[in-house]
Each structure stands twice: as C-alpha cells, then as structure tokens.
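**Student:** Before I ask anything, here is the structure I am working with.
Please treat every number below as a calculation from the coordinates, not as lab data. Because the structure is predicted, anything quoted here is derived from the model rather than measured. All Cβ positions, glycine included, derive from the backbone under ideal geometry; neighbour counts span all protein chains shown.
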Amino acid sequence: MLPSTSLAPTPQIEHYRRFLRERCGLVFEDYAALWRWSVTELDAFWRSIWDHFDLRSETPFEHALDEECMPGAVWFHGATLNIAAQALRHADAAEAAGHPAIVHANEAMLARGELGELRWPALRRQVGALAASLHELGVRRGDRVVAYLPNVPQTAVAFLAVASLGAVWSVCSPDMGPVAVLDRFRQIEPKLLIAADGVRYAGQDIDRMGMLAQLLDELPTVTDVVLLANLDEQADPALLAGASGAGRRAHRWDALIANERIREPEAVPFDHPLWIVYSSGTTGLPKPIVHGHGGVLLEMLKGAIHNNVGATVETGDRFHWYSSTGWIMWNCQVGALMGGTTTCLFDGSPAGPKDAPDWSTLWRFAALSGASFFGAGAAFYASCLKAGVEPMRHGDLSRLRAIGSTGSPLADESYDWIWTHCPKVDGRPIWICIISGGTDFAGAFLTGLITEPLVRGQMQVRSLGAAVHAFSEPDERGLGRPLIDEVGELVCTRPMPSMPLYFWGDKDNERYLSSYFDMYRGPNGEGIWRHGDWLRITPSGGGVIYGRSDATINRHGIRMGTAELYRAVEAHPEVMDSLVVDLEYLGRPSCLLLFVHLREGVSLDAALQQRLRESIKKALSARHVPDEIHQVEAIPRTLSGKKMELPIKKLLLGAAAEQVMKRDAMANADAVAWYQRFAEGRE
C-alpha cells in the first residue's frame, strides 16, 4: 500500500523539542541554543535521544555518559540491547497499518514497472530463521560474517540476522575487485561468507562465481559459504565448497531462510561490536573500523530527526538513498528500519544501460516506490542536470517531500535544477538536506534541518550532539582556536557514541590514534578528533565544506586510499613510480589525476593508458579509474621516502610551492618544477 499524498507532517525536530519541553522541562530559544546544550550536556542530551525513541535495555543502567574521554568514552554502561530487536519491534504496528518493511526493484523489475515488497512479518521470520541456521553452522557472538552482496532485501536480512546473534557484520559491494575485497576481509579473519553468484548492472550480467572461488582461496578462516542465486537460479554453491582445501561447507540461501526454527535477537552490551566498515587512508591497508550496537542505533535515530523522517505508521514516510553496499549510506538506508520507516532499495545503475544511458532511472524508481525522501550523491544530481532530465515527466513524485545529497559539495546549479524539476511541497520549493560526515563514525557532522533557512552551498546546521568546529592551525602544544567565517580544519572536540570502538587488529590503538588524534589536543591534553576536511562555519551557524585537507580520495562520497590504487598501477613493469590526487573542491566535480614515472624509453601511449585503467578497474572498482593520466619526470618524495600527495594537491589547487612544501625536506626538490608548470597550464 502506497502512503497517501498529503500535506507535510509535523517536523520531527518539533516532536523532539516538545518532548524536551514536556518531559525534561527544557525550552530553547532557537536551534543554536539547542545545539549548544546538546554538545555541552552530553549525558542529558544522549539520554534524551534514548528516551525520545523509547529505547529499551534488558538490564539497568544509570548514565548515558559514564566516562568522558576521546577516544575511549564509556557510554550507557550496563545497558544491553540489540539493533536487530529495535528494528523488528516495529513489525506488528506497521503490518497492522499495511506498511511494508522494504520495497525494492532491480533493473529488470523497474523496466517492467514491478515493485517488490518484503512485509514486516516476513522480515522478522527470515531474520529469525537465518539467525537459527547460522547458529547451527557454529556462528557465535564476536565471529565475523562477511558478505559480498548487492543492494537487495536479502542483504538487509543477512545483516540483521548476523547482528541478532551478536556476530560482527562486514560487507563489500560486488562492483569491487578481488584486491579491494581481500584487502578488507583478510584483516578480520571471517568465519562465514555470504555471497551472490553475480549481479546485473547497467544492463549487463556480471558473473562473480569465479571471483568468489578466488576470494575463498585467500580466506582460509571461512568454514562455510552461503550462496544467494541472484543472477542464475541454478547457481550451484557446491562449486565453491572445494575452494582452499577440504572441510568447507556450502549452502543455498533459500534453504537457510526456510529453517522452521526461529532464533530471537540476543541482548548484547551497548558497546558490543556491530559491524566493521572501511575507510581508506593514504598509506597501508583500509582501516577496519568497528562500531557498536548502541552507538550506531543512537546516531541513526538522531539522524532521522535531522532528515525529518519518521515511523511510516505515523508519517507515511518511505526513505530512499541510492547506494551500493560498499558505501556507509547503505548502512544508513538500512538504518531507517530502526525507526520503523519503510526503506526503498534499488539494485542497479543510476545511469541505466551502458549502451543507452538514462539518468531518469532513479526518478522512475522513486515514483514507483512512493519515496518521500530521495537521497543520492551530489554527482548524481549534476549528471541529471547535464543530461537534461526532468524527473516529474517520468512518474508521480507527489509523495516526495525531501531531497538528500552528500559525498561532495552540491553545486549551485544543482540546487536550481532540483528546485525547478522536483515537486513543490505545500506550495514551496522542495527541501534539500545536505549532509557531510563519514564512514568513520557512521553519521553526519553537518546536516540539514527543515525548520532552518536553507542557503545554497551551505549545510544548514551542525548536527545535534556533534561539537564540530573549524580550527586554526595548531600551535606547538597542539592547540587550535575555533574560527567563524574562516576556513579551518574540521574537528570534533567532544565524544559521540558512534565513534569507533577501535580498529580491528590495531595494537594499542596506534592506527586509530594516528588517524584522528595526531594533530590537535585540548587545553588539558585531551584528544580532539580531526576529520580531514576543510570547513568554514558561517556566522548564521551553517557550514561549508571545501574538500579534503589530507590526500585521501573522495569519489562520489566513497573515500578511497591511494595505497590501494598504487598497488594496482605499480604492478605494471613499465611504471617506476606513481602519484594520485583528487582535486574535488567546493562544488567542482571530482577530478582524479594519476601521474606516472615510467621506465626509461617508455612512453605513455594510448595502449598503456588503457592497460592502467583496466588494471585499476579490475583490481579495485570503476570509481577508482582516474580522469586523466600524465607521464612525469619524477614523483616528489620527502627525505623519508613518502610521496608528497597533499603538497602536490595543494599546489594544483592554486597554492604557491613555497607555502606547501619545504625543499630541504625533499629527496628530489627539482621534481616540483614540472608540477608547477602543469598547475599554471591548468589555470
């Protein structure tokens, strides 16, 4: 049953403010005052989020914040819960009102105008049956279960079943190549793999059975593999059982969810590991970030306030954010279930068939699914604009009340395109909710709020509970000062429950500390989170992101490490050295530049360029493929041998060479001249 078209319901922020007034006796003059309270009184704020959403613990606890430090804050000590139980508690009321848990389509279904549904009772039964089956296979609390699955309902079922057991979930998207997947999964030594036989993307069938065998050869700890016949109904899991030695068992997905035994979610401590997600740095393997049940749950529910998304029973909301399973927005999309909101999943290319691009694809899905909130990466809207798409010509979008964007700054012309071509709500231009956050803490630092003024190019507010500031360069003690209307480093000065528990296998938190806490200290030596973005806080309290302040690549919202790309490029015998920079900056589309230093006598001809692009795509993903490849005389390096990615990025963005690099700290200072000429030519 599609929700009926109606006037926009009362904003979720108003429900929360009424709760604070009636239950806590707290009244705030404006959002700025509410935000200041939320980042000053951390215990009271996060307890209010718990109470506002009526969360339940099976054991008593006294405080929201028992010990404040960063990293290592202790939240809700003594509380026990399970994120799967929180999702499934909505089943009876939603089913009684006729609302499904998930609506979905793939490319073939959309072409037929067909929308699939997974009802709440079916979701509850499948999660319980799969949990029972996994338990029978030996999966226990703390075991890692990895998935190589597309954005289909079965992936949500698998996640909830794994979480219900207290096992630890981790997923990679089937568009990722073997190097990228193994760089992630090998680190966490999984016990069980759930995978699809293949996917259909951009009108093409992509078989993954051969790659699954390759993955299993390199994952000796996997004792069981579960195969989802997503592409070929006759796909045989037995073909995977023999990979990497004897003793591995293979199972059909359909058989496991048909288990007549049902296992209920088991309560785990608030900080029990929920999933491992990955955020790539500039060196080494991707960072395996561990988040906990309770922290993720609170952040997802708080995010619903900012996104103005409520339980479908109360609001009729349906939430869609286009994502692959390899992006944190997939986690957020599934997170809508925690608040009882119907989530809308599309599995396929947003651009339609490869041989006949069609950027109306997602808008047709939005109309078919009755989405009230439609989210995508900023690059998607730019592509729609360039393609001349007019969404309302492709279906009934009358239920649509909000547009979400993230991944990179939304260009001014994209605002105008959205306001021109998307439906008005209550006679006003549709609300655009721009967010900026990260995989690192599974949430948003800067976000939207429907009751606040919207200024193009800005995120409306700093998120509740997020003590975000733009800091000046640190002094010799590591102290920075907050800046207003000036560009500085994005920092968070107080802990949040969804910050990482730790990195998997990170001895003494060494890598965790160096990733976020190596630049700034508080006045008493406490840790301050440095996120790696340039930020300007406006006088009105909004925020503008100016791109990455480090050399990490951000392609359409998915952060990727340069180290992964170098391994693929430098495997070619012709390549002596390489350097990659991403010039995404304040509304410009991401421009990924690869510089290669080749063996003497070798030229960068079209054939070599093609081989490099194919290697990157095969080993990593299509998102990693650079926009331009240039042959250079040398790759600038420091005296310690590190590639000078960030100085070269700053140079190409217009900074003077003497401002961003010290020649006496370089091993080959003369190499900079080529990049200076290149930068001048690009201007």
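**Student:** How about K386: which aspartates and glutamates have a C-alpha closer than 19 Å to its C-alpha, ignoring those fewer than 8 places off in the same chain?
**Tutor:** D355, D358, D412, E413, D416, E584, D627
**Student:** Follow-up question, since we're still on this one. Taking K and R as +1 and D and E as -1, what net charge do the other residues with C-beta under 14 Å from the C-beta of D232 add up to?
**Tutor:** Taking every Cβ under 14 Å from that of D232, the sum is -3.
**Student:** By its C-alpha gyration tensor, with a ≥ b ≥ c as the square roots of the eigenvalues, how is segment 81-143 shaped: rounded for a/c under 1.5, else prolate for a/b larger than b/c, else oblate?
**Tutor:** It comes out oblate by the Cα gyration axes.
**Student:** Here's a follow-up. For segment 444-539, what relative contact order do you get, as a whole percent, if you take Cα pairs closer than 8 Å and at least 6 residues apart?
**Tutor:** RCO, segment 444-539: 28 percent.
**Student:** Which values of log₁₀ I(q)/I(0), to two decimal places, follow from the Debye formula for segment 28-167 at q = 0.10, 0.12, 0.16, 0.21 Å⁻¹ with a uniform point scatterer at every Cα?
**Tutor:** Calculated log10 I(q)/I(0) at the listed q: -0.53, -0.73, -1.03, -1.21.
**Student:** Whole number please: convex hull volume per residue of the Cα set in segment 440-595, in Å³?
**Tutor:** 151 Å³
**Student:** Further question: Could you work out, for segment 146-241, what percent of all Cα-Cα pairs fall into each 10 Å distance bin, beginning at 0 Å and stopping at the bin that holds the largest distance?
**Tutor:** That works out to 16, 53, 30, 2, in percent per bin.
**Student:** Can you give the log10 of the normalised intensity I(q)/I(0) at q = 0.15 Å⁻¹, computed with Debye over equal Cα scatterers of segment 449-531?
**Tutor:** -0.65
**Student:** Let me ask something else about it. Based on the alpha-carbon set only, what is the convex hull volume of segment 374-493 divided per residue, in Å³?
**Tutor:** Dividing the Cα hull volume of segment 374-493 by its residue count gives 128 Å³.
**Student:** Quick one: P(r) of segment 93-213 from all Cα-Cα pairs, 10 Å bins, percents rounded to integers, in order of increasing distance.
**Tutor:** Computed distribution, short to long bins: 12, 36, 35, 15, 1.
**Student:** At 222 nm, what value in deg cm²/dmol follows for the chain if DSSP H runs of at least 4 each add -39500 (n - 2.57) and the sum is divided by all its residues, to the nearest 500?
**Tutor:** Roughly -9000 deg cm²/dmol at 222 nm, from the helical runs in the chain.
**Student:** Can you tell me the relative contact order of segment 564-683? Whole percent, Cα pairs under 8 Å, sequence separation 6 or more.
**Tutor:** This gives 24 percent for segment 564-683.
**Student:** Name the lysines eligible as straight-distance cross-link partners of K302: C-alpha to C-alpha under 28 Å, and not fewer than 8 places from it in the same chain.
**Tutor:** K287, K424
**Student:** Modelled label-to-label distance, N509 and R186, 7 Å Cα→beta-carbon offset: nm?
**Tutor:** 2.9 nm
**Student:** Is segment 605-683 best put as rounded, prolate or oblate by its Cα gyration tensor, with a ≥ b ≥ c the root eigenvalues, rounded for a/c under 1.5, and otherwise prolate when a/b is larger than b/c, oblate when not?
**Tutor:** It comes out prolate by the Cα gyration axes.
**Student:** Quick one: of the DSSP bridges fully inside the chain, what percent are antiparallel, nearest 5?
**Tutor:** That works out to approximately 55 percent antiparallel.
**Student:** Net charge near S164: determine it from the other residues with C-beta under 9 Å of the C-beta of S164, scoring Lys and Arg +1 and Asp and Glu -1.
**Tutor:** Here the count lands on -1.
**Student:** Here's something else I'd like to know. Taking K617 as the anchor, which lysines have their alpha carbon closer than 17 Å to its alpha carbon, excluding any fewer than eight residues away along the same chain?
**Tutor:** K354
**Student:** Given C-alpha coordinates of the chain, what is the ratio Rg to Rh with the Kirkwood estimate of Rh?
**Tutor:** With Rg and the Kirkwood Rh in hand, the quotient comes to 0.95.
**Student:** Largest first and in whole Å, what are the equivalent-ellipsoid semi-axes of segment 251-378 based on the Cα gyration tensor, each being the root of 5 times an eigenvalue?
**Tutor:** Over the Cα atoms of segment 251-378, the ellipsoid semi-axes are 26, 22, 19 Å.
**Student:** May I pose another question? What is the sum of charges around E600, taking Lys and Arg as +1, Asp and Glu as -1, for the other residues whose C-beta is under 15 Å from the C-beta of E600?
**Tutor:** In short, -2.
**Student:** What number, in percent, do you get for the relative contact order of the chain if the mean sequence gap of Cα pairs under 8 Å and at least 6 apart is divided by its residue count?
**Tutor:** Relative contact order of the chain: 12 percent.
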